[in-house]
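Each reported figure results from applying straightforward, stated rules to the coordinates on display, with no laboratory input. Remember, predicted model here, so these are calculated numbers, not experimental data. Cβ placement follows ideal geometry from the backbone for every residue including glycine, while neighbour counts extend to all protein chains displayed.
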Amino acid sequence: MKKYILLVCAALAVTVYSSIELSDTKSKAAEAPSVKSRIVETASGRLIRITDPRDLKDLVSHSTLIVKGKIIKTENVQEEIQLIEGTPERAAVDAQGGKSTRIRSGTNYTISVSDVIKGQPDNQEITVYISEDEISLRPELKIGDELIFNLAFNKTIGRYTDVHPSAGYLKVNADNKVKPMFDGTNEISSLENESYDEVKRKIRDIK
């Protein structure tokens, strides 16, 4: 009986130790920097995953084009698009014998580029597209606003899109000071009130 009790105690000790070790491992993993992702609900009820940048380098590396520019025109658009084969949306429509197209609604923002920090735009004016059900996730964007835009070209729609709904925009005020729209990392939020030239230098210094 004593032998049995000793064996049980030993087994419990191993179990407790393993749990502590696992807990410690998880704590160490949690301390390591990692990409933060979150699920948000759009205006239409669609859930999308947003991956937040860990730092400025993360933001810059995901941007194929970074420019300073002014919004000179906005246009609400509705376009009929073809549903891509192999997607759940196309499969559902095909199963019901419906049309393989849908109407995409959104806003085109025409940007007059005044300075290029990374990449090379095809024209002095570029178009940034934001879909209607995701526009509420962005900061308010108005004609006349001057910003640093962090963008990537979307071949499917033939226009630029932002790389993040808030970190993708850094407002440039009349005094040429920068105001980030994202405060999820200290490095990006610390750019507030820095001069445009200094922020431009920091972005270009990133390899």
Applying the Karplus parametrisation 6.51 cos²θ - 1.76 cosθ + 1.60 with θ = phi - 60° to the phi angles of the range 179-195, what ³J(HN,Hα) value in whole Hz is obtained for each residue in order, glycine and proline being reported as x? 10, x, 9, 10, 10, x, 9, 5, 5, 6, 5, 6, 6, 4, 6, 7, 5
Name all residues of the range 152-192 having a backbone nitrogen under 11 Å from the label point set 7 Å from the Cα of Glu85 along its Cα→Cβ direction, giving them as ranges. none
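Can you flag which of Lys73/Lys99; Lys99/Lys171; Lys73/Lys200; Lys68/Lys99 are past 31 Å Cα-Cα? Intermediate results must be reported in sequence, preceding the final value.
Working: Lys73/Lys99 33 Å; Lys99/Lys171 42 Å; Lys73/Lys200 25 Å; Lys68/Lys99 41 Å.
Over 31 Å Cα-Cα: Lys73/Lys99; Lys99/Lys171; Lys68/Lys99.
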Could you tally the net charge around Thr161, taking each other residue with its Cβ under 12 Å from the Cβ of Thr161, Lys/Arg +1 and Asp/Glu -1? +1
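Can you order the peptides 117-126, 91-100, 63-72, 196-205 by their average number of other Cβ atoms within 10 Å per residue, highest first? Mind showing how you got there, number by number?
On the way: 117-126: 13.2, 91-100: 10.7, 63-72: 19.5, 196-205: 15.2.
Ranking, from highest mean packing down: 63-72, 196-205, 117-126, 91-100.
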Please give the length that would be gained between Glu140 and Thr42 if that part of the chain were fully extended, namely 0.36 nm times their separation in residues minus their C-alpha to C-alpha distance (nm, one decimal). 33.7 nm
